[in-house]
Amino acid sequence: HLHSFPPPRSSDLTYRELAERVRLTASRYRVRRFATDETSSLIGTVVWHTPAVAEHLLAILQAGAAYCPFDDALPVARKQALAEVLGLGRLFAVGPYPHEPTNLRIETLEDDPVTADAELPQVLSHWSDPAYVLCTSGSTGAPKPVVVSRHALTVTARALRELFALTPDDRVLQFASLGWDTCLEEMVPALTAGATLVFDAEAHSGSFPRFVRMLAQQEVTVLDLPTAFWHELVLFLHESRAALPDSVRLVVIGGERVDPTRLRQWRDLAVGHVTLLNTYGCTETTMITHAVQLAGPDTEPEVAAQDAEAPLGRPLPHVRDHVTDEGELLVSGPSLATGYRGLPDATATGFPIADHGSGPARWFRTGDLVTRGERGLLYSRGRTDEQVKVLGVRVHPSEVEAQLNTHPAVAGAVVVGERLLGRTSLTAYVVPTGTTTTPAQLKHYLRQRLPSQFVPSRVKFVAALAYTASGKIDRAATQRTSVECESKGREQ
């Protein structure tokens, strides 16, 4: 059941009002699908930070279809590429949408007649039907659509409500980019717990004083932040001697390694009442699978005493994990994604059936190398491939390289992840063709085609790429060659 908010503010939307909007929007989606005799159950939606996002997410599920968000911040070329991968000829916007020079049809539902559900064929959903589809970065240079079932979403939402200890008294900030699954991690547990979901433009102002002031004004109790953003927030609080509002009781972080210095600074702040939760998960495992409390009330003494390295966490109750002899983390359980849409070979490789002690089961190969320490805690030890996480988003360098290689001034390119100023970022090493170009022009070219997290922070020109004995590009050797050339240049 949906619960009403506490006494509504002027801009609040009660659960009763939300339920009615969801019903009407679901009817409109169903009218569109049946009127055009669409067989696909996938609906692509252009979204931005507005409460209408929650309305359309729930409405699409209620209409018996699967939700696929397209962040409006994405470049037009990226939207078109994703739509092509997904086989979508049109997208729906969550509100009035300005005309864009694009081959995509972007429509709204606002002018559609409202039709009662009884006038349309009934849609019965099965637990194995898709709930949503999100595209992850692909090692082949093209995005991979991950299909998550209704059952996987239900199991995860239940687990995260318990992990976050959500109640109707909570006010959860919607902060994450809307094209990645962290936004669902914010929205679905909150809305199914009867909590308040807070949308505020100040969350994305780029100003930490305004961000902290907004938290106080909105009486936010729960924050879910990329680790890189949390690092910067901690530095701001540390240097300015500022404090989080007393309303904040839980901060959830995840997406990359926790910087030990920032963790020490956090523990030195006046935030003893705030639970700091480090989390781990993949799109293919439906959001969070592992978590550990790093600070706050009732933190394990062994964890609170650790300064050098923060653990990834332990598996949640619905999750099974296994660490192979090579150190790769495998995850199993009811929250696993169905697979990669339209990619049976990639699905078979990424989700093998194996017996790791309790009978044959389906597992997901995360590609993350880990060790299991005391008390069952996992610690990161890198990757089995070149994949990196930038601002919590998984990026395959090959996808960025593929785009760079389409530029007429680029004869070859290698992209690597590097730690710069406490965060992971991308550096591109480019072999020019002789056509005049600059790093800024190449970055601009990529911004027109890729999400912002995929655009390298630095672009360096090199004379040639390095290759392995088998003829594959050697990213590490190319990176070393560039450093050696820079050192020689400084010596001269």
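Observations
- Those residues of the range 77-100 which are assigned to a helix (DSSP H, G or I) and of a type outside the set (Gly, Ala, Ser), in sequence order: Arg78, Lys79, Gln80, Leu82, Glu84, Val85, Leu86
- Of all the listed residues (Arg249, Arg257), the sole one being among the basic types (Lys, Arg), modelled with pLDDT of 95 or more and open to solvent by 60 Å² or more (accessible area, probe 1.4 Å) is Arg249.
- Within the range 365-387, residues that are within 24 Å of Thr427 (Cα to Cα) sit with their Cβ atoms under 7 Å from residues that are exposed (fewer than 15 other Cβ atoms within 10 Å of the Cβ), at 6+ positions apart or across chains, in these pairs: Gly367/Asp385; Leu369/Gly327; Leu369/Arg381; Leu369/Gly382; Arg381/Gly327; Arg381/Thr371.
- Against the test of being in contact with a Leu (Cβ under 9 Å, 6 or more places away or on another chain) and not hydrophobic (A, V, I, L, M, F, W, C), the options Glu219, Glu232, Glu185 yield a single qualifying residue, Glu185.
- Residue list for the range 196-217, restricted to those being in contact with an Asp or Glu (Cβ under 6 Å, 6 or more places away or on another chain) and open to solvent by 10 Å² or more (accessible area, probe 1.4 Å): Arg210
- Close pairs from the range 144-157: first within 22 Å of Gln387 (Cα to Cα), partner among the aromatic types (Phe, Trp, Tyr), Cβ under 7 Å, at least 6 apart: Lys144/Tyr340; Pro145/Tyr340; Val146/Tyr340; Val148/Tyr132
- Pairing each residue of the range 67-78 that is touching a residue at least 60 places away in the same chain (Cβ under 8 Å) with any residue that is of a type in the set (Gly, Ala, Ser) and surrounded by fewer than 20 Cβ atoms within 10 Å (Cβ to Cβ), provided the two are 6+ apart or on different chains, yields C-beta distances under 8 Å for Ala73/Ser452.
- Evaluation of Gly434 against (1) at positive phi; (2) in contact (Cβ under 8 Å) with a residue 60 or more places away in the chain (one fails), failing number: (2)
- Odd one out for Ala402 among (1) free of Cβ contacts under 8 Å to residues at least 60 places away in the same chain; (2) under 26 Å from the mean Cα position of the chain (by Cα): (1)
- Meets criteria (open to solvent by 10 Å² or more (accessible area, probe 1.4 Å), small (Gly, Ala, Ser), at pLDDT below 95 and more than 30 Å from Glu386 (Cβ to Cβ)) for Ser125: yes
- Residues (modelled with pLDDT under 95 and more than 19 Å from Leu215 (Cα to Cα)) located in the range 159-181: Leu178, Gly179, Trp180, Asp181
- Some residue of the range 129-141 being within 25 Å of Ile288 (Cα to Cα), assigned to a loop (DSSP other than H, G, I, E, B) and at pLDDT 90 or above: yes
The values are calculated or read from the model by the stated rules, or taken from the named source; none is laboratory data. On a predicted model such as this, the values are computed, not experimentally measured, just so you know. Note that we place each Cβ from the backbone using ideal geometry, even for glycine, and neighbour counts take in every protein chain shown. Heads up: the accessible areas ignore ligands, DNA and RNA and are worked out on the full protein's heavy atoms, side chains in. Shrake-Rupley method; radii C 1.70, N 1.55, O 1.52, S 1.80 Å.
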